[in-house]
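Working notes, structure below.
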Amino acid sequence: MRPHPSAPLRRPLTASLALGIVILADAGHAHAADPPIAGTRATDLQTVKVTGPSQTELRREDPTLRISIGREDILRHHDDRLGSVLRRLPGVTVTAEGDRMRGLGGDHVQILIDGDPAPAGFSIDSIAPDLVERIEILPTAVAAYSTRSIAGTINIVLRRNEGARQRTLKLNVGQSGAGITPAATLLLSGKRQAMAWSVSATASAPKERLDAVIEDQASDAQGGILYRRRTGERYTGQTSTFNVAPKLIWALGDRDEVSWNNLLQYRKEAWTRDRNEVVLDGGPSDYPRNRWINDSRTWTTKSDGQWKRQIRERDTLDVRFGAMLFSRDVDFAFHGYAPNGNFALDRSVRTRATHTAYSSTGKYVSGFSDRHELAFGWDGAYTDRNERRVQRDRAGDGSPLDLIEDDYQADIRRLALYAQDQWRTSPRLQTYLGLRWEGLETAVGSRVTGTLHSRSSVLSPIVQWVFKPAASSKDQFRLGLARTFSAPQPWQLLPRRYSVNNGNGPTNPDQQGNPALRPEIAWGLDASYEHYLGKDGLISLGAYARRIDDVVLRSLYEQDGLWVSTPFNAGKAQTHGLTLDARFALADLLRTDADLQFTANLTRNWSRVASVPGPDNRLADQTPLSGHLGLHWQATKRFSASMDFSYSGGVTNRLSTEWTRASTPERTLDVAADWKLDAASRVNLSLSNVLQQRQGSRVVYRDVEGAMERYYGTDSALGIKLQYERQL
């Protein structure tokens, strides 16, 4: 049953209704093997499927621009990694450096898990897609979430079962350039009286083997070659991940509901990287042959308790308390061999980092009518992060060379107060007004630097409008204005140095923090046109613009014979762009029985940093062009096939007058076929990265004394996966 169009404002609070509930009319299905009673006539009852509003309908009626990807779309492609799901979403690109929105990554994009900020170092690929209920993309800020989102917010909402019984087992086996990699998923849920429960568990151990090449060269002021080197690299690794997510929901009478949501995760990474250098001209590096060995173990625990109370007919109170523990141990070794082949350097690095966060959020919602809703809330958190790093260097004969012991501790206190007003002022106009004050206090210390204190606060007004030319129109226009920010991470404030293992230079510098780093502040404008067609189709064209103050760039300088890069505030920057998003069925356009679904998006970004001379003075290695095209064909009731192509354009980015970085385009093609064997089981065969393109990047430094250049290119492998799914 579709809700009345005059009541859209409560849907963000009950978005889980969009999942749909399958009700089996045959209550005796569990006893299907029992013979019919004598004298009765057996009747085959049909399965009745009752669904709530689709994700497209929710987007249409939401007063804020919120692109929500539901569970059906997440699982349709049987992805092993959440990054593969994100790659298909409008305005989102996934690169080796991380997830990006509107071409920007790093601190410009806010990653949330159930509304809470993900800890530094957390990999979203450690969350299996089977554990995710939906993914929300918020290009424009909303007051209920942190406005630490200059480029936008990605909110990963974990599964929450409302009581439907489920028993699902998934087994798959695959290969991607290395050995056979198994994985398994178990989903259990049910309801007993007033309590609903669910347990989701996943386990996987993918293996990788990649080949890469590094090309280094340097020339003097007259163009004469100083050296040319070519290094072959072989990377082998395995990542073992185990997730379990138990959840409970109690209904306490007609007005109260209590829930307890948990995520327990263990992730182990073991990899080696072997490099062998060939000198084409000039001399070799310090360690022409070297090996990197890395072993890391990460534990993540997230637990949230939530209480919802219906106070009056239109008023609700929602209070949540949460805790997160993130712990990572890393054992790293670097073995370097001198040009004569002798073992010369044995470097071992042991790092332990812990991240403990406690949070509390609350929201009181007062509904004046079906068309007007006012909310007040708070969002507070305390985070304690500790990291200890011990580096020991020994010569080839075992004699000690150097010992570096360093640690740092960061205490972060965050408090936000907000109010928001959602109002359907007329059948054709919806208005969202939000105001959020967010204060951040950080104390970062180490035994070398002492304790550094920083305090900042940002007041973020937010306005969004949705306008329809007519009450029954399939077209609507959106306009949003918001003030957002990006605060530096604690490790960026510490003036300690992270040294490279081999070949320090302007194209491969050491990294160091900056205690004087200030937050970036941005004013942003978003506008879009949406046209809805057919049952669940949508075509949208959006535009955005951001003006950023105190933009953070990286400086490069030479100190005591070593090259160092450090972040600094560099004045003003501007960025703007366009996003085209479309999803529809062939039946929405033509009179046909073919069940063919299309999804497509294309994003074009521009930016300019005022303090960096052009051309190519783009912002933060911004991806200029990205897009996705997907086809899903339901050939029969038992067979379906899909194809997905993603593109991320290459870019040349001038970081300073002398320093330039460039990357090559990335093209990814995935195909899959799905067979439904019977009512309870199915098989899926998928091929990922069919094109197997090489990904490359180049760094160039050129001044009056000469030039240095480094190219790094990585091969990619075809992935094959076979999955069996069974409803138990």
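The values are calculated or read from the model by the stated rules, or taken from the named source; none is laboratory data. No experiment lies behind these values; they were computed from the predicted model shown. Using ideal geometry, Cβ is built from the backbone for each residue, glycine included, and neighbour counts are taken over all protein chains shown. Ligands, DNA and RNA are stripped out before the accessible areas are found, and what is left, the full protein with its side chains, is counted by its heavy atoms. Shrake-Rupley method; radii C 1.70, N 1.55, O 1.52, S 1.80 Å.
A few remarks follow.
- Set side by side, the residues PHE376, PHE326, PHE368 differ, and just one is open to solvent by 50 Å² or more (accessible area, probe 1.4 Å), hydrophobic (A, V, I, L, M, F, W, C) and within 22 Å of PRO117 (Cβ to Cβ), which is PHE376.
- Taken together, the residues in the stretch 386-421 that are exposed (fewer than 14 other Cβ atoms within 10 Å of the Cβ), modelled with pLDDT of 90 or more, in a strand (DSSP E or B) and of a type in the set (D, E, K, R) amount to 1.
- Qualifying residue in the stretch 191-213 (condition: closer than 21 Å to GLU277 by Cα and of a type outside the set (A, V, I, L, M)): yes
- Any hit, the stretch 135-143, residues being within 23 Å of the chain's Cα centre (by Cα), open to solvent by 10 Å² or more (accessible area, probe 1.4 Å), modelled with pLDDT of 90 or more and hydroxyl-bearing (Ser, Thr, Tyr): no
- Any hit, the stretch 200-216, residues being more than 33 Å from the chain's Cα centre (by Cα) and in contact (Cβ under 8 Å) with a residue 60 or more places away in the chain: no
- Subset of the stretch 303-323 [of a type in the set (Gly, Ala, Ser) and either surrounded by 17 or more Cβ atoms within 10 Å (Cβ to Cβ) or farther than 30 Å from LEU252 by Cβ (or both)]: GLY322
- Residues located in the stretch 232-255, provided they are charged (D, E, K, R), open to solvent by less than 30 Å² (accessible area, probe 1.4 Å) and over 30 Å from PRO284 (Cα atoms): LYS247
- Scanning the stretch 256-270 for residues that are open to solvent by 40 Å² or more (accessible area, probe 1.4 Å) and either basic (Lys, Arg) or over 31 Å from the mean Cα position of the chain (by Cα) (or both) yields a single hit, LYS268.
- Subset of the stretch 422-433 [at pLDDT 90 or above and open to solvent by 30 Å² or more (accessible area, probe 1.4 Å)]: TRP423, ARG428, LEU429, LEU433
So that you can scan it fast, the table gives a plain yes or no per residue for (1) open to solvent by less than 50 Å² (accessible area, probe 1.4 Å); (2) over 23 Å from the mean Cα position of the chain (by Cα):
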{"residue": "PRO665", "(1), (2)": "yes, no"}
{"residue": "THR668", "(1), (2)": "yes, no"}
{"residue": "LEU677", "(1), (2)": "no, yes"}
{"residue": "ASN684", "(1), (2)": "yes, yes"}
{"residue": "LEU687", "(1), (2)": "no, no"}
{"residue": "GLN695", "(1), (2)": "no, no"}
{"residue": "VAL699", "(1), (2)": "yes, yes"}
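- Residue within the stretch 176-184 that is hydroxyl-bearing (Ser, Thr, Tyr) and crowded, with 20+ Cβ neighbours inside 10 Å present: yes
- Applying the criterion of being farther than 30 Å from SER454 by Cβ and part of a loop (DSSP other than H, G, I, E, B) to the residues of the stretch 471-489, the residue that is least open to solvent (accessible area, probe 1.4 Å) is SER473.
- Residue that is farthest from GLY439 (Cα to Cα) [pool: residues in the stretch 507-532 that are in contact with an Asp or Glu (Cβ under 8 Å, 6 or more places away or on another chain), part of a strand (DSSP E or B) and open to solvent by 40 Å² or more (accessible area, probe 1.4 Å)]: HIS531
- When the stretch 598-613 is limited to residues that are surrounded by fewer than 21 Cβ atoms within 10 Å (Cβ to Cβ) and not hydroxyl-bearing (Ser, Thr, Tyr), the one that is modelled with the lowest pLDDT turns out to be PRO613.
- ARG159, sole failed condition from (1) over 13 Å from the mean Cα position of the chain (by Cα); (2) within 18 Å of ILE462 (Cβ to Cβ); (3) open to solvent by 10 Å² or more (accessible area, probe 1.4 Å): (2)
- All strands (runs of 3 or more DSSP E) inside the stretch 562-615 with 1 or more residues being touching a strand residue (DSSP E or B) at 6+ places or on another chain (Cβ under 8 Å) and of a type in the set (Asp, Glu): 573-585, 595-609
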